[in-house]
1. Just give me the residues in the range 289-299 being in contact with a helix residue (DSSP H, G or I) (Cβ under 9 Å, 6 or more places away or on another chain) and either surrounded by 17 or more Cβ atoms within 10 Å (Cβ to Cβ) or more than 15 Å from residue 336 (Cβ to Cβ) (or both), in sequence order.
2. Got a sec? Which of 409, 439 is exposed (fewer than 14 other Cβ atoms within 10 Å of the Cβ) and either within 17 Å of residue 135 (Cβ to Cβ) or in the same structural domain as residue 455 (by TED's automatic domain parsing) (or both)?
3. Being outside the structural domain of residue 493 (by TED's automatic domain parsing) and without any contact (Cβ under 8 Å) to a residue 12 or more places away in the chain is the requirement here; does residue 16 meet it?
4. Could we say that residue 127 is touching a residue at least 24 places away in the same chain (Cβ under 8 Å) and within 27 Å of residue 21 (Cβ to Cβ) here?
5. Kindly establish whether residue 431 is within 25 Å of residue 137 (Cα to Cα) and over 23 Å from the mean Cα position of the chain (by Cα).
6. Here is a list of conditions, (1) crowded, with 16+ Cβ neighbours inside 10 Å; (2) under 37 Å from the mean Cα position of the chain (by Cα); (3) at pLDDT 90 or above, and residue 250 meets all of them except one; can you say which number that is?
7. Taking the range 353-401 as the search range and keeping residues that are surrounded by fewer than 13 Cβ atoms within 10 Å (Cβ to Cβ) and in a strand (DSSP E or B), which one is modelled with the lowest pLDDT?
(Lines give C-alpha, C1' and ligand atoms only; values in the text may rest on other atoms or scores of the structure.)
Protein backbone atom coordinates (compact mmCIF):
# COMPACT_ATOMS: atom_id res chain seq x y z
CA UNK A 1 0.00 0.00 0.00
CA UNK A 2 2.74 2.47 0.96
CA UNK A 3 4.80 1.34 -2.02
CA UNK A 4 1.88 1.92 -4.37
CA UNK A 5 1.37 5.42 -2.95
CA UNK A 6 5.04 6.30 -3.45
CA UNK A 7 5.10 4.82 -6.95
CA UNK A 8 2.00 6.76 -7.96
CA UNK A 9 3.48 9.99 -6.57
CA UNK A 10 6.85 9.60 -8.29
CA UNK A 11 5.14 8.68 -11.56
CA UNK A 12 2.91 11.74 -11.61
CA UNK A 13 5.83 14.03 -10.68
CA UNK A 14 7.90 12.54 -13.50
CA UNK A 15 5.07 12.84 -16.03
CA UNK A 16 4.00 16.36 -15.01
CA UNK A 17 7.26 18.04 -14.00
CA UNK A 18 9.99 15.73 -15.38
CA UNK A 19 11.19 15.15 -11.81
CA UNK A 20 13.02 11.83 -11.36
CA UNK A 21 14.99 10.04 -8.62
CA UNK A 22 12.65 11.36 -5.95
CA UNK A 23 12.22 9.74 -2.55
CA UNK A 24 8.66 10.15 -1.28
CA UNK A 25 8.01 9.63 2.42
CA UNK A 26 4.57 9.07 3.87
CA UNK A 27 3.99 9.84 7.54
CA UNK A 28 1.26 8.21 9.58
CA UNK A 29 -1.07 10.94 10.74
CA UNK A 30 -1.57 11.65 14.42
CA UNK A 31 -5.36 11.91 14.08
CA UNK A 32 -7.99 10.79 11.61
CA UNK A 33 -8.85 14.44 10.80
CA UNK A 34 -5.55 14.68 8.92
CA UNK A 35 -5.96 11.45 7.01
CA UNK A 36 -4.40 8.05 7.56
CA UNK A 37 -1.12 9.18 6.01
CA UNK A 38 0.28 12.42 4.65
CA UNK A 39 3.28 13.75 2.75
CA UNK A 40 5.01 17.11 2.45
CA UNK A 41 6.81 16.26 -0.80
CA UNK A 42 5.18 19.22 -2.59
CA UNK A 43 6.70 21.67 -0.11
CA UNK A 44 10.12 20.08 -0.54
CA UNK A 45 10.05 20.22 -4.35
CA UNK A 46 8.40 23.60 -4.90
CA UNK A 47 11.64 25.54 -5.38
CA UNK A 48 13.12 22.97 -7.77
CA UNK A 49 9.97 22.77 -9.85
CA UNK A 50 9.24 26.47 -9.73
CA UNK A 51 5.57 25.99 -8.90
CA UNK A 52 3.38 26.71 -5.89
CA UNK A 53 3.44 23.86 -3.32
CA UNK A 54 -0.35 23.81 -3.36
CA UNK A 55 -0.42 23.43 -7.17
CA UNK A 56 2.00 20.48 -6.94
CA UNK A 57 0.04 18.96 -4.07
CA UNK A 58 -3.19 19.20 -6.05
CA UNK A 59 -1.64 17.27 -8.94
CA UNK A 60 -0.57 14.55 -6.49
CA UNK A 61 -4.02 14.53 -4.82
CA UNK A 62 -5.80 13.99 -8.11
CA UNK A 63 -3.57 11.08 -9.11
CA UNK A 64 -3.70 9.36 -5.72
CA UNK A 65 -7.45 9.79 -5.45
CA UNK A 66 -7.84 7.40 -8.38
CA UNK A 67 -6.11 4.48 -6.61
CA UNK A 68 -8.63 1.72 -5.78
CA UNK A 69 -7.64 1.48 -2.09
CA UNK A 70 -7.86 5.25 -1.47
CA UNK A 71 -11.14 6.55 -0.07
CA UNK A 72 -10.17 10.17 -0.63
CA UNK A 73 -7.15 12.48 -0.88
CA UNK A 74 -7.06 16.11 0.17
CA UNK A 75 -4.90 19.18 -0.23
CA UNK A 76 -4.19 20.75 3.14
CA UNK A 77 -2.41 23.82 4.47
CA UNK A 78 0.51 25.23 2.49
CA UNK A 79 0.95 22.05 0.43
CA UNK A 80 0.38 18.84 2.41
CA UNK A 81 -1.33 15.84 0.86
CA UNK A 82 -3.59 13.92 3.26
CA UNK A 83 -4.84 10.48 2.28
CA UNK A 84 -7.62 8.30 3.73
CA UNK A 85 -7.68 4.61 2.81
CA UNK A 86 -10.81 2.56 2.39
CA UNK A 87 -11.79 0.70 5.54
CA UNK A 88 -11.61 -2.56 3.60
CA UNK A 89 -7.98 -1.83 2.71
CA UNK A 90 -7.10 -0.83 6.26
CA UNK A 91 -8.46 -4.11 7.61
CA UNK A 92 -6.65 -6.07 4.91
CA UNK A 93 -3.38 -4.37 5.85
CA UNK A 94 -4.03 -5.11 9.53
CA UNK A 95 -4.34 -8.81 8.72
CA UNK A 96 -1.02 -8.64 6.88
CA UNK A 97 0.61 -6.91 9.85
CA UNK A 98 -0.56 -9.59 12.26
CA UNK A 99 1.30 -12.18 10.17
CA UNK A 100 4.52 -10.43 11.24
CA UNK A 101 3.91 -11.60 14.79
CA UNK A 102 5.31 -14.94 13.62
CA UNK A 103 9.09 -15.10 13.08
CA UNK A 104 10.42 -15.65 9.61
CA UNK A 105 12.23 -18.90 8.87
CA UNK A 106 15.85 -18.49 9.94
CA UNK A 107 18.19 -18.56 6.95
CA UNK A 108 20.78 -20.82 8.60
CA UNK A 109 22.78 -21.32 5.40
CA UNK A 110 23.50 -17.61 5.17
CA UNK A 111 26.51 -15.94 6.79
CA UNK A 112 25.71 -15.15 10.43
CA UNK A 113 25.18 -11.82 12.11
CA UNK A 114 27.38 -11.92 15.22
CA UNK A 115 25.90 -9.87 18.06
CA UNK A 116 28.16 -9.42 21.09
CA UNK A 117 26.90 -7.91 24.33
CA UNK A 118 27.04 -7.95 28.15
CA UNK A 119 30.85 -8.62 28.42
CA UNK A 120 31.12 -9.00 32.22
CA UNK A 121 34.45 -9.42 33.96
CA UNK A 122 35.16 -12.69 35.71
CA UNK A 123 35.32 -12.64 39.54
CA UNK A 124 32.80 -9.80 39.76
CA UNK A 125 29.00 -9.91 39.98
CA UNK A 126 26.87 -8.29 37.31
CA UNK A 127 26.24 -4.67 38.18
CA UNK A 128 23.59 -2.18 37.13
CA UNK A 129 26.01 -0.80 34.56
CA UNK A 130 25.86 -4.12 32.66
CA UNK A 131 22.12 -3.75 32.08
CA UNK A 132 22.23 -1.46 29.06
CA UNK A 133 24.61 -3.50 26.93
CA UNK A 134 23.01 -6.77 28.00
CA UNK A 135 19.37 -5.89 27.37
CA UNK A 136 19.88 -3.73 24.28
CA UNK A 137 22.20 -6.31 22.74
CA UNK A 138 19.71 -9.11 23.34
CA UNK A 139 16.88 -7.04 21.86
CA UNK A 140 18.93 -6.32 18.73
CA UNK A 141 19.73 -10.02 18.37
CA UNK A 142 16.06 -10.94 18.89
CA UNK A 143 14.88 -8.53 16.19
CA UNK A 144 17.40 -9.88 13.70
CA UNK A 145 16.48 -13.49 14.43
CA UNK A 146 12.76 -12.67 14.14
CA UNK A 147 13.47 -11.22 10.68
CA UNK A 148 15.05 -14.50 9.59
CA UNK A 149 18.73 -13.66 9.99
CA UNK A 150 21.18 -16.34 11.05
CA UNK A 151 22.21 -14.84 14.40
CA UNK A 152 25.10 -15.85 16.65
CA UNK A 153 24.88 -14.24 20.10
CA UNK A 154 28.18 -13.92 21.91
CA UNK A 155 29.10 -13.10 25.50
CA UNK A 156 32.76 -12.06 25.44
CA UNK A 157 33.65 -12.30 29.12
CA UNK A 158 36.77 -10.71 30.53
CA UNK A 159 38.42 -13.89 31.84
CA UNK A 160 42.02 -12.88 31.19
CA UNK A 161 44.24 -9.97 32.09
CA UNK A 162 46.05 -8.31 34.97
CA UNK A 163 42.98 -8.45 37.23
CA UNK A 164 43.65 -12.19 37.69
CA UNK A 165 47.16 -11.46 38.89
CA UNK A 166 45.76 -8.94 41.35
CA UNK A 167 43.10 -11.37 42.57
CA UNK A 168 45.68 -14.13 43.00
CA UNK A 169 47.89 -11.84 45.10
CA UNK A 170 44.92 -10.80 47.22
CA UNK A 171 43.85 -14.44 47.74
CA UNK A 172 47.38 -15.44 48.77
CA UNK A 173 47.73 -12.54 51.21
CA UNK A 174 44.25 -12.11 52.69
CA UNK A 175 42.26 -15.21 51.80
CA UNK A 176 41.40 -17.86 54.36
CA UNK A 177 42.38 -21.52 54.30
CA UNK A 178 39.52 -22.62 52.01
CA UNK A 179 40.18 -23.64 48.40
CA UNK A 180 39.16 -20.81 46.06
CA UNK A 181 36.47 -23.00 44.45
CA UNK A 182 34.53 -22.77 47.74
CA UNK A 183 34.38 -18.95 47.54
CA UNK A 184 31.26 -17.10 46.50
CA UNK A 185 31.24 -14.38 43.86
CA UNK A 186 30.82 -11.80 46.63
CA UNK A 187 33.90 -13.08 48.44
CA UNK A 188 35.93 -12.85 45.23
CA UNK A 189 34.76 -9.27 44.78
CA UNK A 190 35.81 -8.47 48.35
CA UNK A 191 39.30 -9.79 47.63
CA UNK A 192 39.54 -7.65 44.50
CA UNK A 193 38.39 -4.57 46.43
CA UNK A 194 40.83 -5.37 49.24
CA UNK A 195 43.72 -5.42 46.76
CA UNK A 196 42.98 -1.89 45.56
CA UNK A 197 42.54 -0.56 49.07
CA UNK A 198 45.89 -1.99 50.08
CA UNK A 199 47.65 -0.48 47.04
CA UNK A 200 46.83 2.94 48.47
CA UNK A 201 49.24 2.03 51.28
CA UNK A 202 51.70 -0.11 49.31
CA UNK A 203 52.10 0.73 45.62
CA UNK A 204 54.44 -2.23 45.11
CA UNK A 205 51.37 -4.49 45.10
CA UNK A 206 50.64 -3.33 41.55
CA UNK A 207 53.94 -4.84 40.45
CA UNK A 208 53.10 -8.08 42.25
CA UNK A 209 49.80 -8.25 40.42
CA UNK A 210 51.45 -7.75 37.02
CA UNK A 211 54.10 -10.35 37.83
CA UNK A 212 51.44 -12.88 38.86
CA UNK A 213 49.59 -12.38 35.58
CA UNK A 214 52.81 -12.88 33.62
CA UNK A 215 53.25 -16.22 35.42
CA UNK A 216 49.65 -17.09 34.56
CA UNK A 217 50.33 -16.32 30.90
CA UNK A 218 53.49 -18.41 31.04
CA UNK A 219 51.47 -21.43 32.20
CA UNK A 220 52.10 -21.63 35.96
CA UNK A 221 50.09 -24.71 37.02
CA UNK A 222 48.92 -23.37 40.38
CA UNK A 223 47.76 -20.05 38.93
CA UNK A 224 46.03 -21.85 36.05
CA UNK A 225 44.04 -23.95 38.51
CA UNK A 226 43.15 -20.83 40.50
CA UNK A 227 42.01 -19.09 37.33
CA UNK A 228 39.82 -22.03 36.22
CA UNK A 229 38.04 -22.12 39.59
CA UNK A 230 37.37 -18.38 39.53
CA UNK A 231 35.92 -18.60 36.01
CA UNK A 232 33.65 -21.50 37.02
CA UNK A 233 32.31 -19.68 40.09
CA UNK A 234 31.52 -16.56 38.06
CA UNK A 235 29.79 -18.28 35.15
CA UNK A 236 27.55 -20.20 37.52
CA UNK A 237 26.52 -16.92 39.16
CA UNK A 238 25.88 -15.22 35.82
CA UNK A 239 23.68 -17.98 34.43
CA UNK A 240 20.84 -17.50 36.92
CA UNK A 241 20.71 -13.75 36.37
CA UNK A 242 20.69 -14.07 32.58
CA UNK A 243 17.76 -16.47 32.84
CA UNK A 244 15.78 -13.94 34.87
CA UNK A 245 16.42 -11.30 32.22
CA UNK A 246 15.53 -13.67 29.34
CA UNK A 247 19.02 -13.23 27.98
CA UNK A 248 20.69 -16.15 26.25
CA UNK A 249 23.96 -16.66 24.39
CA UNK A 250 24.97 -19.09 21.66
CA UNK A 251 28.61 -18.91 22.71
CA UNK A 252 30.72 -17.43 25.48
CA UNK A 253 34.15 -17.80 23.91
CA UNK A 254 36.11 -15.42 26.09
CA UNK A 255 39.40 -13.51 26.20
CA UNK A 256 41.46 -16.48 27.41
CA UNK A 257 40.57 -18.46 24.28
CA UNK A 258 42.84 -16.21 22.23
CA UNK A 259 45.92 -16.82 24.35
CA UNK A 260 47.63 -18.87 21.64
CA UNK A 261 46.23 -16.83 18.75
CA UNK A 262 47.85 -13.48 19.52
CA UNK A 263 51.49 -14.14 18.62
CA UNK A 264 50.74 -14.74 14.90
CA UNK A 265 48.87 -11.43 14.83
CA UNK A 266 51.80 -9.61 16.45
CA UNK A 267 54.22 -11.18 13.96
CA UNK A 268 51.98 -10.24 11.03
CA UNK A 269 51.73 -6.66 12.23
CA UNK A 270 55.50 -6.33 12.69
CA UNK A 271 56.19 -7.90 9.30
CA UNK A 272 53.77 -5.50 7.57
CA UNK A 273 55.20 -2.53 9.43
CA UNK A 274 51.86 -1.82 11.10
CA UNK A 275 53.16 -2.53 14.62
CA UNK A 276 56.20 -0.48 15.52
CA UNK A 277 58.29 -0.21 18.65
CA UNK A 278 57.31 2.49 21.10
CA UNK A 279 58.65 3.46 24.50
CA UNK A 280 60.70 0.79 26.29
CA UNK A 281 59.94 -1.81 23.61
CA UNK A 282 56.14 -1.73 23.61
CA UNK A 283 54.45 -2.44 20.28
CA UNK A 284 52.10 0.28 19.07
CA UNK A 285 50.07 1.26 16.02
CA UNK A 286 50.27 4.86 14.84
CA UNK A 287 47.60 6.42 12.67
CA UNK A 288 47.59 9.32 10.19
CA UNK A 289 47.01 12.73 11.74
CA UNK A 290 43.72 13.25 9.90
CA UNK A 291 42.18 10.30 11.74
CA UNK A 292 42.68 12.05 15.09
CA UNK A 293 43.38 8.65 16.66
CA UNK A 294 46.05 8.32 19.35
CA UNK A 295 48.60 5.46 19.21
CA UNK A 296 47.18 2.01 19.94
CA UNK A 297 49.25 -0.29 22.16
CA UNK A 298 49.09 -3.97 21.19
CA UNK A 299 51.86 -5.33 23.46
CA UNK A 300 53.28 -3.95 26.69
CA UNK A 301 56.97 -3.22 27.18
CA UNK A 302 57.26 -6.31 29.42
CA UNK A 303 55.89 -8.51 26.66
CA UNK A 304 52.42 -8.93 28.21
CA UNK A 305 49.39 -8.75 25.94
CA UNK A 306 46.46 -6.39 26.32
CA UNK A 307 42.74 -6.22 25.68
CA UNK A 308 43.60 -4.76 22.26
CA UNK A 309 45.78 -7.77 21.38
CA UNK A 310 42.99 -10.16 22.24
CA UNK A 311 40.42 -8.13 20.32
CA UNK A 312 42.58 -8.29 17.20
CA UNK A 313 42.89 -12.06 17.59
CA UNK A 314 39.14 -12.32 18.14
CA UNK A 315 38.38 -10.31 15.01
CA UNK A 316 40.68 -12.54 12.97
CA UNK A 317 39.12 -15.68 14.45
CA UNK A 318 35.57 -14.55 13.75
CA UNK A 319 36.38 -13.66 10.16
CA UNK A 320 38.20 -16.92 9.46
CA UNK A 321 35.84 -19.32 11.24
CA UNK A 322 32.39 -17.77 10.86
CA UNK A 323 32.71 -15.58 7.71
CA UNK A 324 30.03 -13.28 9.18
CA UNK A 325 27.80 -10.91 7.27
CA UNK A 326 28.00 -8.44 10.14
CA UNK A 327 29.62 -8.03 13.53
CA UNK A 328 27.67 -5.91 16.01
CA UNK A 329 29.33 -5.20 19.36
CA UNK A 330 27.18 -3.47 21.97
CA UNK A 331 29.24 -1.54 24.53
CA UNK A 332 29.31 1.49 26.78
CA UNK A 333 30.17 4.63 24.81
CA UNK A 334 33.46 4.83 26.75
CA UNK A 335 34.66 2.02 24.44
CA UNK A 336 34.12 4.03 21.26
CA UNK A 337 37.78 5.09 20.87
CA UNK A 338 39.02 1.54 21.42
CA UNK A 339 36.83 0.17 18.63
CA UNK A 340 37.71 2.99 16.25
CA UNK A 341 41.36 2.14 16.82
CA UNK A 342 40.66 -1.58 16.48
CA UNK A 343 38.93 -1.25 13.11
CA UNK A 344 41.56 1.22 11.85
CA UNK A 345 44.25 -1.31 12.82
CA UNK A 346 42.44 -4.11 10.97
CA UNK A 347 42.29 -1.91 7.91
CA UNK A 348 46.02 -1.11 8.16
CA UNK A 349 46.63 -4.88 8.32
CA UNK A 350 44.59 -5.08 5.08
CA UNK A 351 42.07 -7.53 6.49
CA UNK A 352 38.80 -7.89 4.58
CA UNK A 353 36.18 -6.97 7.14
CA UNK A 354 32.44 -7.67 7.24
CA UNK A 355 30.02 -4.90 8.10
CA UNK A 356 30.98 -3.76 11.59
CA UNK A 357 29.12 -1.58 14.07
CA UNK A 358 30.04 -0.66 17.61
CA UNK A 359 26.51 -0.21 18.99
CA UNK A 360 27.06 2.37 21.71
CA UNK A 361 24.94 2.75 24.84
CA UNK A 362 24.84 5.44 27.48
CA UNK A 363 25.29 5.12 31.22
CA UNK A 364 22.95 4.09 34.01
CA UNK A 365 22.70 6.80 36.63
CA UNK A 366 21.31 6.74 40.16
CA UNK A 367 20.51 9.83 42.16
CA UNK A 368 22.04 8.53 45.39
CA UNK A 369 24.82 6.14 44.40
CA UNK A 370 27.91 5.83 42.27
CA UNK A 371 29.27 2.72 40.65
CA UNK A 372 32.87 1.71 41.06
CA UNK A 373 33.93 -1.92 41.29
CA UNK A 374 37.30 -1.00 42.76
CA UNK A 375 35.76 0.97 45.62
CA UNK A 376 33.35 -1.84 46.38
CA UNK A 377 30.25 0.28 45.78
CA UNK A 378 28.98 -1.62 42.76
CA UNK A 379 25.18 -1.65 42.58
CA UNK A 380 24.39 -5.34 42.22
CA UNK A 381 22.03 -6.24 39.38
CA UNK A 382 20.61 -9.09 41.42
CA UNK A 383 19.69 -6.67 44.20
CA UNK A 384 18.00 -4.34 41.71
CA UNK A 385 15.87 -7.17 40.30
CA UNK A 386 14.93 -8.42 43.77
CA UNK A 387 13.96 -4.89 44.81
CA UNK A 388 11.87 -4.47 41.65
CA UNK A 389 10.05 -7.75 42.25
CA UNK A 390 9.43 -6.80 45.88
CA UNK A 391 7.95 -3.47 44.85
CA UNK A 392 5.78 -5.18 42.23
CA UNK A 393 4.48 -7.61 44.87
CA UNK A 394 3.52 -4.65 47.07
CA UNK A 395 1.57 -3.12 44.18
CA UNK A 396 -0.24 -6.42 43.59
CA UNK A 397 -1.21 -6.64 47.26
CA UNK A 398 -2.25 -2.98 47.46
CA UNK A 399 -4.51 -3.27 44.41
CA UNK A 400 -6.27 -6.33 45.78
CA UNK A 401 -9.09 -7.52 43.51
CA UNK A 402 -8.16 -5.01 40.82
CA UNK A 403 -5.36 -7.39 39.81
CA UNK A 404 -6.46 -10.91 38.95
CA UNK A 405 -3.82 -13.63 39.13
CA UNK A 406 -3.51 -17.22 40.31
CA UNK A 407 0.23 -16.84 40.86
CA UNK A 408 1.19 -13.52 42.50
CA UNK A 409 4.87 -14.49 42.73
CA UNK A 410 5.14 -15.22 39.01
CA UNK A 411 3.28 -12.00 38.17
CA UNK A 412 5.53 -9.98 40.49
CA UNK A 413 8.59 -11.45 38.75
CA UNK A 414 7.18 -10.52 35.32
CA UNK A 415 6.28 -7.02 36.44
CA UNK A 416 9.41 -6.34 38.47
CA UNK A 417 12.02 -7.68 36.08
CA UNK A 418 10.00 -6.34 33.15
CA UNK A 419 9.95 -2.86 34.66
CA UNK A 420 13.75 -2.80 34.84
CA UNK A 421 14.14 -4.23 31.33
CA UNK A 422 11.58 -1.89 29.77
CA UNK A 423 13.11 1.06 31.60
CA UNK A 424 16.20 0.36 29.50
CA UNK A 425 14.77 -0.47 26.06
CA UNK A 426 12.14 2.28 26.09
CA UNK A 427 14.80 5.00 26.04
CA UNK A 428 17.20 6.03 23.31
CA UNK A 429 20.31 3.90 23.82
CA UNK A 430 22.59 6.88 23.15
CA UNK A 431 21.28 8.75 26.18
CA UNK A 432 22.13 8.25 29.85
CA UNK A 433 19.31 6.62 31.81
CA UNK A 434 18.33 7.76 35.27
CA UNK A 435 16.90 4.87 37.25
CA UNK A 436 13.44 5.84 38.54
CA UNK A 437 11.36 3.26 40.41
CA UNK A 438 8.07 5.18 40.21
CA UNK A 439 8.37 5.74 36.47
CA UNK A 440 9.44 2.16 35.75
CA UNK A 441 6.56 0.57 37.72
CA UNK A 442 3.77 3.03 36.89
CA UNK A 443 0.55 1.40 35.66
CA UNK A 444 -0.63 4.34 33.57
CA UNK A 445 2.62 5.51 32.00
CA UNK A 446 5.11 4.19 29.50
CA UNK A 447 6.11 1.15 31.55
CA UNK A 448 6.21 -2.63 31.48
CA UNK A 449 3.20 -3.01 33.84
CA UNK A 450 1.13 -0.80 31.50
CA UNK A 451 2.00 -2.98 28.49
CA UNK A 452 1.46 -6.18 30.48
CA UNK A 453 -1.89 -5.00 31.83
CA UNK A 454 -3.08 -3.96 28.37
CA UNK A 455 -2.11 -7.34 26.94
CA UNK A 456 -3.92 -9.18 29.76
CA UNK A 457 -7.02 -7.01 29.21
CA UNK A 458 -7.05 -7.78 25.47
CA UNK A 459 -6.57 -11.51 26.07
CA UNK A 460 -9.44 -11.51 28.58
CA UNK A 461 -11.79 -10.00 25.98
CA UNK A 462 -10.65 -12.54 23.37
CA UNK A 463 -11.32 -15.44 25.75
CA UNK A 464 -14.76 -14.14 26.72
CA UNK A 465 -15.61 -13.61 23.07
CA UNK A 466 -14.45 -17.13 22.19
CA UNK A 467 -12.55 -15.69 19.28
CA UNK A 468 -11.31 -18.47 16.99
CA UNK A 469 -8.12 -16.67 15.96
CA UNK A 470 -8.99 -15.48 12.44
CA UNK A 471 -11.88 -13.83 10.58
CA UNK A 472 -14.31 -16.29 9.00
CA UNK A 473 -14.71 -14.10 5.91
CA UNK A 474 -13.68 -10.64 4.78
CA UNK A 475 -14.29 -8.30 7.70
CA UNK A 476 -17.27 -6.01 7.33
CA UNK A 477 -16.86 -2.24 7.46
CA UNK A 478 -20.23 -1.27 8.90
CA UNK A 479 -20.18 1.44 11.63
CA UNK A 480 -16.39 1.71 11.58
CA UNK A 481 -15.53 4.24 14.31
CA UNK A 482 -12.74 6.77 14.67
CA UNK A 483 -11.19 4.77 17.54
CA UNK A 484 -11.20 1.66 15.38
CA UNK A 485 -9.53 3.59 12.61
CA UNK A 486 -6.84 4.92 14.97
CA UNK A 487 -6.17 1.40 16.25
CA UNK A 488 -6.00 -0.13 12.77
CA UNK A 489 -3.67 2.62 11.62
CA UNK A 490 -1.39 1.72 14.52
CA UNK A 491 -1.56 -2.03 13.86
CA UNK A 492 -0.48 -1.63 10.24
CA UNK A 493 2.67 0.23 11.28
CA UNK A 494 4.14 -2.83 13.05
CA UNK A 495 6.22 -4.28 10.15
CA UNK A 496 7.70 -0.89 9.26
CA UNK A 497 8.51 0.01 12.86
CA UNK A 498 10.05 -3.39 13.57
CA UNK A 499 12.29 -3.12 10.53
CA UNK A 500 13.33 0.43 11.37
CA UNK A 501 14.23 -0.56 14.94
CA UNK A 502 16.27 -3.50 13.65
CA UNK A 503 18.12 -1.58 10.95
CA UNK A 504 18.94 1.34 13.23
CA UNK A 505 19.82 -0.90 16.23
CA UNK A 506 17.33 1.19 18.21
CA UNK A 507 15.00 -0.95 20.35
CA UNK A 508 13.32 2.16 21.80
CA UNK A 509 11.63 2.72 18.42
CA UNK A 510 9.75 -0.55 18.89
CA UNK A 511 9.06 0.27 22.55
CA UNK A 512 7.55 3.66 21.63
CA UNK A 513 5.32 1.91 19.11
CA UNK A 514 4.09 -0.62 21.68
CA UNK A 515 3.22 2.20 24.06
CA UNK A 516 1.23 3.95 21.32
CA UNK A 517 -0.50 0.66 20.47
CA UNK A 518 -1.56 0.32 24.12
CA UNK A 519 -2.88 3.87 24.19
CA UNK A 520 -4.86 3.38 20.98
CA UNK A 521 -6.27 0.04 22.14
CA UNK A 522 -7.32 1.37 25.54
CA UNK A 523 -9.04 4.35 23.92
CA UNK A 524 -10.90 1.93 21.63
CA UNK A 525 -11.72 -0.43 24.53
CA UNK A 526 -13.13 2.40 26.67
CA UNK A 527 -15.19 3.89 23.83
CA UNK A 528 -16.51 1.10 21.59
CA UNK A 529 -18.51 -1.90 22.76
CA UNK A 530 -16.81 -5.15 21.78
CA UNK A 531 -18.65 -8.16 23.18
CA UNK A 532 -22.02 -6.36 23.31
CA UNK A 533 -21.85 -5.00 19.75
CA UNK A 534 -23.72 -6.32 16.70
CA UNK A 535 -22.44 -9.61 15.20
CA UNK A 536 -20.70 -7.81 12.33
CA UNK A 537 -19.02 -5.27 14.62
CA UNK A 538 -18.25 -7.93 17.21
CA UNK A 539 -16.22 -10.08 14.83
CA UNK A 540 -14.25 -7.08 13.54
CA UNK A 541 -13.59 -5.72 17.02
CA UNK A 542 -12.54 -9.10 18.37
CA UNK A 543 -10.12 -9.32 15.46
CA UNK A 544 -8.68 -5.92 16.37
CA UNK A 545 -8.41 -6.96 20.02
CA UNK A 546 -6.73 -10.25 19.20
CA UNK A 547 -4.37 -8.50 16.78
CA UNK A 548 -3.38 -5.98 19.44
CA UNK A 549 -2.57 -8.78 21.88
CA UNK A 550 -0.52 -10.66 19.28
CA UNK A 551 1.61 -7.70 18.28
CA UNK A 552 2.03 -6.54 21.88
CA UNK A 553 3.32 -9.95 22.93
CA UNK A 554 5.59 -10.38 19.93
CA UNK A 555 7.05 -6.90 20.16
CA UNK A 556 7.41 -7.08 23.93
CA UNK A 557 9.13 -10.46 23.90
CA UNK A 558 11.60 -9.17 21.32
CA UNK A 559 12.43 -6.56 23.96
CA UNK A 560 12.90 -9.29 26.63
CA UNK A 561 9.54 -8.77 28.35
CA UNK A 562 7.12 -11.49 29.40
CA UNK A 563 3.33 -11.23 29.53
CA UNK A 564 0.70 -12.71 31.88
CA UNK A 565 -2.52 -14.11 30.42
CA UNK A 566 -4.48 -12.47 33.25
CA UNK A 567 -3.72 -9.54 35.49
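The values are calculated or read from the model by the stated rules, or taken from the named source; none is laboratory data. Predicted model, so just to flag it, every value in this text is computed and none were measured. Please note: Cβ atoms are built from the backbone with ideal geometry, for glycine as well, and neighbour counts cover all protein chains shown.
1. As a first pass, look at the range 289-299 and keep what is in contact with a helix residue (DSSP H, G or I) (Cβ under 9 Å, 6 or more places away or on another chain): 291, 293-299.
Within the range 289-299, 295, 296, 297, 298, 299 meet the criteria.
2. 409
3. In short, no.
4. Working: touching a residue at least 24 places away in the same chain (Cβ under 8 Å): yes; within 27 Å of residue 21 (Cβ to Cβ): no.
Criteria not met by residue 127.
5. On the way: within 25 Å of residue 137 (Cα to Cα): yes; over 23 Å from the mean Cα position of the chain (by Cα): no.
The answer is no for residue 431.
6. Among (1) crowded, with 16+ Cβ neighbours inside 10 Å; (2) under 37 Å from the mean Cα position of the chain (by Cα); (3) at pLDDT 90 or above, the lone unmet condition for residue 250 is (1).
7. Ranking the qualifying residues of the range 353-401, first place goes to 369.
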